[in-house]
Amino acid sequence: MTAHIAPTAILLSDYTPFSHLIDHVTLHFTLHPLQTRVSARLSLRPNPAAVQGQDLRLDGENLSLLSLALNGKPLAHAPDETGLTIPAADLPNGPFTLETEVEISPQTNTSLDGLYMSNGMYCTQCEAQGFRKITFYPDRPDVMARFDVTMDTDLPTQLSNGNPTGPGAWHDPWPKPAYLFALVAGDLVAHTDHFTTLSGRRVTLNIYTRAGDAHKCAYAMDSLIRSMRWDEQVYGREYDLDIFNIVAVDDFNMGAMENKGLNIFNSKLVLATPDTATDDDYARIEAVIAHEYFHNWTGNRITCRDWFQLCLKEGLTVYRDQQFSGDMRSAPVKRIEDVLALRARQFREDGGPLAHAVRPDSYVEINNFYTATIYEKGAEVIGMLKTLVGDAAYADALNLYFTRHDGHAATIEDWLQVFTDATGHDLTQFKHWYTQAGTPHLTLTDDFKNGTYTLYIKQNNPTTPGQPHKDPKVIPIALGLLSTSGAEVLPTTILTLTQAEHSFEFPNLTAKPIPSALRGFSAPVVLHQTQSNTDRAILLAHDTDAFNKCEAGRALAKSALTDHILHQTPTPHDWLAAITAVTRETTLDPAFRALTLRLPSDDDIAQTLHASGHIPDPAAIHAARRTLQTDLANHLKPHLPSLIAAHQTPGDFSPSAIAAGHRAFRLGLLSLMARIDTAPATHAYQNAKSMTEQLGALAILLDNGMGQPELAQFHAQWQNDRLVMDKWFGLQISMAAPDHAAHITKFLTEHADFDWKNPNRFRAVIASLAANHAGFHHASGQGYALLADWLIKLDPVNPQTAARMSTAFETWPRYDQTRQTLIRNELSRIRQTPNLSRNLGEMLDRMLG
Ligand code: 0A1
Ligand code: ZN
């Protein structure tokens, strides 16, 4: 085995304030693909809150230092691998200026971190630690400074943070940490609009794209304007610069980035027209535009003291973007979708070797912590806080947060203190949600005696890596009770758990009620309860809580699937009847019906089987799911043609949630129909009026072993549109039959258009293989080997994306011995690769345990 040096972990408990404060930063860029020069002038002074007389340590990576001067006098100190130290002996006791000039090479920076090039455009990504690849600087979020930026380049579009002060010159009046710095230079076109703030200031809004893409910005612009208005109305937050710029970039590791006044976006989260973007793309664009905009207050004006506090800005900003999307669309449907995504990504993470607390206390590589736990569970924790204190108190607490911490770098302790001060709540126990990893499991049992219904709830917090002991958590359970005729006998009531076991009594009832527990998914927990299919069907038909109504349908489907897998039980009639009733219920939102119709994914079933002590068999899960689909299709058959016809969206395309709901429902019906007859799906493909319909119909055909002519037609139609081509690549793999998935993936990696250095294209191919559960976990191990080969190849080029993709392996402990061995062998093989990045190295070490 090749020896590797164990990288040192960074610890929360080691935090100390930085030695100096920076009042002002002046940056000048002379842009050149291979030899960009960066001149920096920092105005510093000793930090009165830090130990006095310390050296000045600046971070810096891959920088050639050309000159260094302190108060105008040259210094001769040489940098090391990770930065530059000016010894205390050379530092004045009062204010001083430090000037550096460095040379960097954006063209050869394939990591897409720091200053890099994409399609001839210069752009930056500095979160979390990219600024140190641009100049020597204390690259930590608690050092906040005002920036002035200028640049030399022939490119016509020259952007940075703040307000423009001249051509290629920018002044940002708001102190900010280095991770919010951004610079863009390119030959771009602007889609421009304006917004007048609550206090009457007129703000210029620009979305910059490559020429030819400007007509694809209308929906992103509309989403931005609605976000700005919503943040004023709901949180009282106004925009604070004269201009707000967004730039769409084709090569980007993540979704988007909230740089002050200059958000940089992955182009797939900006560009949309009805014929190129699906309804899911539209919804995602709206959500991410809002997310990045909302960071202007929750992240930028109030930032994080250190990276352990990442959830302070991310959990809150996700919570806010989820509220926004709920207000713009259907709140119940949005909640159901968010919970399904939480379970698919965060519960999966929390139940495996990569589990970590919402506020971790150690990391090796911070870029590995932009996770579903920090983001989505971080948002759930805020939702629980709001449920516990109430809406009015939540608003008071947020107002206090904004006034108390504006302009500062805060901690989770600060955040909780604001709630305590504003609402009087003691949040000592609640804080466990931030510090203890793992998904709590709740077990519900009940009885009914002498007119009193008693609910017993047990809480169990499983151990996670490095955290063998857990304390009981504070858990708000929203509960309703229904009679067997479906009438609500107890409207939603919040039960607050604080101990390992509780009982709750409900007197004066005439018969044993049916509990509707965890309404609206009031806490991110796994609920175990023995429910009869009859009770589930009553909840599906009558629950007033939309989330639990849908959940009852899923519980029916899950028990049908697991019974079929474990005991070969035939598809139960009560599930078929209950789903048929919902499908035909015209008073229900089509988007809701579409969600209810959708069977749990293969991965979800594997997770469920594992949680109940079984070893999931990917091939059996896949087969069971198809059997149930076919049985449901046959049961619904008499109704399918009329339902499919009824949900055709007439007239011009609208991206509205209502129109999208009709399309989603119709595609769900077409997908069932295709289990019997694929002709309607072929017809739908030929007559598609939007990308949602075209791609949806193609997916159905591929899922049924058809669609080869359509696939060729799709390629011919869209070969020049890179974002649509990502879909073409991905769909063939995600819809491939289990026996063919690895082979098709390999074939597509040899395609001339497989540009593996582009993260969107890499993800379209490699993440689609990982998402094809039965294909990836095929007994041959070919899927595992292929993924490992590609991680080894990508790591030296783009370690962040390689590390992120490695999470496909995180579920290994669920599976049988043979698969566990196959996966662990691949993980060890990758680990032994010479010069592996710290990013991928940390992920492998955590997965290997
Ligand atoms: N703060 C961004 C996420 C982000 C993080 C890291 C990035 O590059 C490595 C890019 C974006 C957000 O929450 O949207
Ligand atoms: Zn964010």
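The values are calculated or read from the model by the stated rules, or taken from the named source; none is laboratory data. Computed from a prediction, not measured in an experiment: that's the story for all the values here. Neighbour counts are summed over all protein chains in view; Cβ atoms, including those assigned to glycine, are modelled from backbone coordinates with ideal geometry.
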Is it the case, given these coordinates, that I134 is away from ligand 2 (no atom under 16 Å from the Cβ) and touching a His at 6+ places or on another chain (Cβ under 8 Å)? no
Whichever residue in the range 349-386 is more than 18 Å from the chain's Cα centre (by Cα) and hydrophobic (A, V, I, L, M, F, W, C) and, among such residues, is nearest to ligand 1 (Cβ to nearest atom): V364
Collect the residues in the range 708-761 that are of a type in the set (K, R) and closer than 22 Å to A779 by Cα, keeping them in residue-number order. K746
Only residues that are in contact (Cβ under 8 Å) with a residue 40 or more places away in the chain, within 30 Å of M805 (Cβ to Cβ) and among the aliphatic types (A, V, I, L, M): list them for the range 227-258, please. I246, V247, A248, V249, M254, M257
The range 270-289, residues that are within 11 Å of ligand 1 (Cβ to nearest atom) and buried (at least 24 other Cβ atoms within 10 Å of the Cβ): I289
Looking only at the range 139-155, decide whether some residue is touching a Cys at 6+ places or on another chain (Cβ under 9 Å), away from ligand 2 (no atom under 16 Å from the Cβ) and touching a residue at least 60 places away in the same chain (Cβ under 8 Å). yes
Failed condition for N263, given (1) in contact with a helix residue (DSSP H, G or I) (Cβ under 9 Å, 6 or more places away or on another chain); (2) away from ligand 1 (no atom under 16 Å from the Cβ), with all others met? (2)
Would you point out the residue of the range 306-322, among those that are touching a Gly at 6+ places or on another chain (Cβ under 8 Å) and among the charged types (D, E, K, R), that is farthest from ligand 1 (Cβ to nearest atom)? K313
Has the range 16-31 got at least one residue that is touching a helix residue (DSSP H, G or I) at 6+ places or on another chain (Cβ under 9 Å) and surrounded by fewer than 18 Cβ atoms within 10 Å (Cβ to Cβ)? no
Checklist (1) part of a helix (DSSP H, G or I); (2) over 18 Å from A287 (Cα atoms) applied to R229, failing item: (2)
Scanning the range 320-358 residue by residue, those within 16 Å of ligand 2 (Cβ to nearest atom) and touching a strand residue (DSSP E or B) at 6+ places or on another chain (Cβ under 9 Å) turn out to be R320
Given (1) under 20 Å from S330 (Cβ atoms); (2) in a loop (DSSP other than H, G, I, E, B); (3) in contact with an Asp or Glu (Cβ under 9 Å, 6 or more places away or on another chain), where does R593 come up short, assuming only one miss? (2)
Check on Y293, within 20 Å of G520 (Cα to Cα), within 16 Å of ligand 2 (Cβ to nearest atom) and either surrounded by fewer than 23 Cβ atoms within 10 Å (Cβ to Cβ) or in contact (Cβ under 8 Å) with a residue 60 or more places away in the chain (or both): no
Here is a list of conditions, (1) within 13 Å of ligand 1 (Cβ to nearest atom); (2) part of a helix (DSSP H, G or I), and T303 meets all of them except one; can you say which number that is? (2)
Is it the case that A178 is buried (at least 22 other Cβ atoms within 10 Å of the Cβ), under 17 Å from T36 (Cα atoms) and either in contact with a Gly (Cβ under 9 Å, 6 or more places away or on another chain) or not charged (D, E, K, R) (or both)? no
Need the failing condition index for S503 against (1) assigned to a helix (DSSP H, G or I); (2) of a type in the set (G, A, S); (3) touching a Phe, Trp or Tyr at 6+ places or on another chain (Cβ under 7 Å), just the number. (1)
Just to be sure, is D652 at pLDDT 95 or above and either of a type outside the set (A, V, I, L, M, F, W, C) or under 30 Å from A779 (Cα atoms) (or both)? no
Name the residues in the range 380-404 that are touching a strand residue (DSSP E or B) at 6+ places or on another chain (Cβ under 8 Å), within 15 Å of Y235 (Cα to Cα) and surrounded by 19 or more Cβ atoms within 10 Å (Cβ to Cβ), would you? Y401
Of those in the range 239-260 that are among the charged types (D, E, K, R) and surrounded by fewer than 23 Cβ atoms within 10 Å (Cβ to Cβ), the residue nearest to ligand 1 (Cβ to nearest atom) is D251
Take the range 322-347 and flag every residue that is β-branched (V, I, T) and either under 12 Å from the mean Cα position of the chain (by Cα) or farther than 16 Å from G383 by Cβ (or both). V333
Please determine whether any residue of the range 173-186 is of a type in the set (F, W, Y), in contact with a Cys (Cβ under 7 Å, 6 or more places away or on another chain) and at pLDDT 95 or above. yes
If you scan the range 301-320, which residues turn out to be over 13 Å from G378 (Cα atoms) and crowded, with 24+ Cβ neighbours inside 10 Å? T303
Of the conditions (1) basic (K, R); (2) more than 19 Å from the chain's Cα centre (by Cα); (3) within 16 Å of ligand 1 (Cβ to nearest atom), R763 satisfies every one except a single condition; which number is it? (2)
Got at least one residue in the range 359-379 being within 14 Å of ligand 2 (Cβ to nearest atom), at pLDDT 95 or above, buried (at least 21 other Cβ atoms within 10 Å of the Cβ) and assigned to a loop (DSSP other than H, G, I, E, B)? yes
When the range 581-607 is examined, which residues are found to be among the polar types (S, T, N, Q), surrounded by 15 or more Cβ atoms within 10 Å (Cβ to Cβ) and more than 22 Å from the chain's Cα centre (by Cα)? T583, T596
Output the number of residues of the range 266-275 satisfying the condition of being away from ligand 2 (no atom under 14 Å from the Cβ), part of a helix (DSSP H, G or I) and in contact with a helix residue (DSSP H, G or I) (Cβ under 6 Å, 6 or more places away or on another chain). 1
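Residue-by-condition table, conditions (1) within 16 Å of ligand 2 (Cβ to nearest atom); (2) of a type outside the set (A, V, I, L, M); (3) closer than 24 Å to R201 by Cβ:
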| position | (1), (2), (3) |
| --- | --- |
| W230 | no, yes, yes |
| E238 | no, yes, yes |
| I243 | no, no, yes |
| N253 | yes, yes, no |
| N259 | yes, yes, yes |
| A277 | no, no, no |
| Y282 | no, yes, no |
| A287 | yes, no, no |
Helices (runs of 4 or more DSSP H) completely within the range 389-498 that count 1 or more residues being at pLDDT below 95: none
